[in-house]
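To keep things clear, I will list the structure first and then write my remarks on it.
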Amino acid sequence: MGKFYVTTPIYYVNDKPHIGHAYTTVVADIFARWHRLIGDDVFFLTGTDEHGGKIQKSASEKNKTPKELVDENSQKYKLMWEKLNISYDKFVRTTDDYHEKTVKQFIEKVWKSGDIYKGEYEGFYCLPDERYVSESELVNGKCPDCGRDVQKIAEEAYFFRLSKYKERILSAIKNGLIVPEKNANEILARLEDELKDLDITRKSVSWGITFPFDKKHSVYVWFDALLNYVSALDWPDGKLFKEFWPADIHIVGKEIVWFHSVIWPAMLMSADLPLPKRVIAHGWWTVDGKKMSKSIGNVVDPMEMSDKYGVDSFRYFLIKEKPIWEDGDFSEQALKSRINGELMADLSNLVARVLTLAERFDGKIEGKRELEGFIDKKRIEEAFDNYNLYAAINLIFEGIRKVNKYFNDMEPWKLNGNALSNVLYNALESIRIIAIFLKPFMPLTADKIEEKLGINNQSIKDAFFKEFTGKVVRGENLFDKIN
């Protein structure tokens with residue numbers, strides 16, 4: 001048994017979660033569930049980022065205190081993850097006492113290493129993204145990431161010697177820190193320019209963790225937020241930290257790769273801590289070909305989609321519609337097509353037809369292993385090893401189609417006795433194994449299949465043909481056609 005530590009970013013709580021947040025978290029959940037399935041000891045972390053000027057401004061506009069706003073919006077994320085069946089082990093909040101304590105301890109360690117100094121910051125700041133922007137990065141005078149206006153600020157600040165770690169950061173990236181390669185190349189191109197030291201405090205923002213060496217300053221929200229990955233493990237002496245650090249994968253949107261592959265590694269280097277093994281960058285979602293926007297009114301609410309079409313249908317769509325590192329487009333019509341196609345016509349119909357005949361069969365179901373190897377276990381394992389969930393789910397449904405073809409070709413409704421038993425044996429054992437591989441992607445559906453077969457608690461070790469010992473109950477369809 002190995003260990004596996006997977007994280008999502010902690011989500012900024014100035015608003016409710018949307019499809020982008022759901023996608024990141026479902027991806028992380030699938031990795032966590034897969035590694036539990038293969039017998040690893042897993043720690044899966046998610047949470048909320050609750051400090052900074054944007055929170056302070058949003059709370060003021062809503063006539064709330066910052067704490068009232070973050071408490072309210074953090075709960076929305078917890079409810080969303082409960083709805084989407086997210087199996088996280090810990091939900092971290094940056095307003096938690098233990099996190100604030102960790103941030104101060106970490107800053108003290110970096111201070112002692114000589115990597116923090118006092119200076120003057122003059123430049124541009126994007127409040128919506130909570131990031132500093134150099135003049136050369138501006139696009140038509142606006143933030144290069146979100147396209148919104150930036151503030152020009154000049155104030156006393158404390159700086160982190162980010163530039164000191166440039167060569168070591170370059171080495172880590174060249175040695176595979178970032179997946180996929182195209183995102184690694186983008187960061188390497190940015191690092192060809194001068195890497196400037198990072199302003200890590202603000203005097204003008206009161207809603208933040210007090211800087212331990214100067215109470216007139218608060219800690220820059222990103223320097224605070226990134227430390228959640230170790231504060232949740234009780235760094236520096238906690239049992240969880242000793243067991244699980246370094247993280248196996250940080251799952252992040254491609255817009256925050258810089259923070260996770262440059263700033264975060266430099267922070268860890270300064271504190272003499274191991275780097276995470278991989279930063280996995282995923283693409284963005286558009287909606288009906290357009291960028292999501294509250295003003296347009298096309299922001300996809302994962303709660304609404306899950307209520308309307310089912311949690312597992314929504315989870316399946318997110319993974320089946322695009323490879324992780326590519327951009328993808330969401331439409332309700334595409335979601336309906338997936339449900340009516342692969343989920344209903346391929347999976348649900350197969351289970352219903354096989355179980356209808358099996359439920360009526362009077363006798364022991366047994367036969368020759370004619371479908372053994374119908375699903376390519378090795379290639380699915382390789383897909384997970386390569387962080388390619390899109391390939392993995394396609395391989396599973398390739399196996400499902402093989403079983404459908406076998407069932408149709410054998411025409412078991414025309415058979416009886418041993419001949420019928422043989423076909424049912426192969427089909428039922430195949431369905432049992434399909435349920436195992438669906439567990440990370442569609443856990444509720446996998447549970448329903450196992451319940452229909454009268455079995456439970458399967459792991460990857462059960463993914464081979466053996467004696468069928470279940471008790472079949474056809475019950476309701478897994479999925480129904482959407483008109």
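A few notes on this one:
- For peptides 277-289, 298-310, 2-14, 142-154, sequence by mean Cβ density within 10 Å, most packed first: 2-14, 277-289, 298-310, 142-154
- Evaluated over region 38-87, the count of Lys pairs having alpha-carbon atoms less than 25 Å apart is 15 (only pairs 8 or more residues apart or interchain).
- The order of the peptides 457-465, 311-319 by mean Cβ neighbours within 10 Å, most packed first, is 311-319, 457-465.
- Between the listed residues Phe374, Ala352, Trp284, the Cα displaced farthest toward the positive end of the dipole of the chain, a dipole computed from Cβ unit charges relative to the Cα centre, is found at Ala352.
- Dipole magnitude of region 331-462 about its Cα centre (Cβ charges: Lys, Arg +1; Asp, Glu -1), debye to nearest 20: 160
- Residues with amide H under 5 Å from that of Tyr5, placed H, sequence gap 5 or more: Phe43, Asp248, Ile249
- For the chain, DSSP calls about 50 percent of its internal beta bridges antiparallel.
- Per-q log10 I(q)/I(0), region 331-462, q = 0.11, 0.12, 0.19 Å⁻¹ (Debye; single scatterer per alpha-carbon; no solvent): -0.40, -0.47, -1.14
- Selection from Leu162, Phe317, Ser113 lying farthest towards where the dipole of the chain points positive, charges on Cβ: Phe317
- In order along region 282-292, the Karplus-derived 3J(HN,Hα) couplings, from 6.51 cos²θ - 1.76 cosθ + 1.60 at θ = phi - 60°, round to 10, x, 9, 10, 9, 10, 6, x, 10, 4, 5 Hz, and Gly and Pro are given as x.
- Sequence-distant residues sharing a close amide H with Gly253 (under 5 Å, placed H): His282
- For the chain, the longest principal axis of the Cα atoms and the long axis of helix 19-37 meet at an angle of about 60 degrees.
- Dividing the helix sum by the residues of the chain, where each DSSP H run of 4 or more adds -39500 (n - 2.57), gives a mean residue ellipticity at 222 nm of -13000 deg cm²/dmol.
- Rounded to the nearest angstrom and listed largest first, the equivalent-ellipsoid semi-axes of region 67-108 from its Cα gyration tensor are 25, 14, 5.
- Amide H contacts under 5 Å for Arg131: Cys126, restricted to partners 5 or more places along the chain or on a different chain, H placed in the peptide plane at 1.01 Å from N.
- Derived scalar couplings ³J(HN,Hα) [region 402-414; Karplus, 6.51 cos²θ - 1.76 cosθ + 1.60; whole Hz; x for Gly, Pro]: 5, 5, 4, 4, 4, 5, 5, 5, 7, 6, x, 5, 9
- Table column - 3J(HN,Hα) (Hz), region 75-83, Karplus curve with 6.51, -1.76, 1.60, x for Gly and Pro: 5, 4, 5, 4, 5, 5, 5, 5, 5
- Tilt relative to the chain, helix 349-360 - C-alpha long axis, 0 to 90 degrees, to 10: 40
- Each principal axis of the Cα atoms in region 45-97 has its own extent, and those three values, largest first, are 34, 22, 15 angstrom.
- Principal-axis tilt of helix 181-190 within the chain, Cα atoms, nearest 10 degrees: 10
Bear in mind that the values in this text are calculations on the coordinates, not laboratory data. A quick note: this is a predicted structure, and the numbers were derived from the prediction, not measured. Here Cβ is always computed from backbone atoms with ideal geometry, including for glycine, and neighbour counts include all displayed protein chains.
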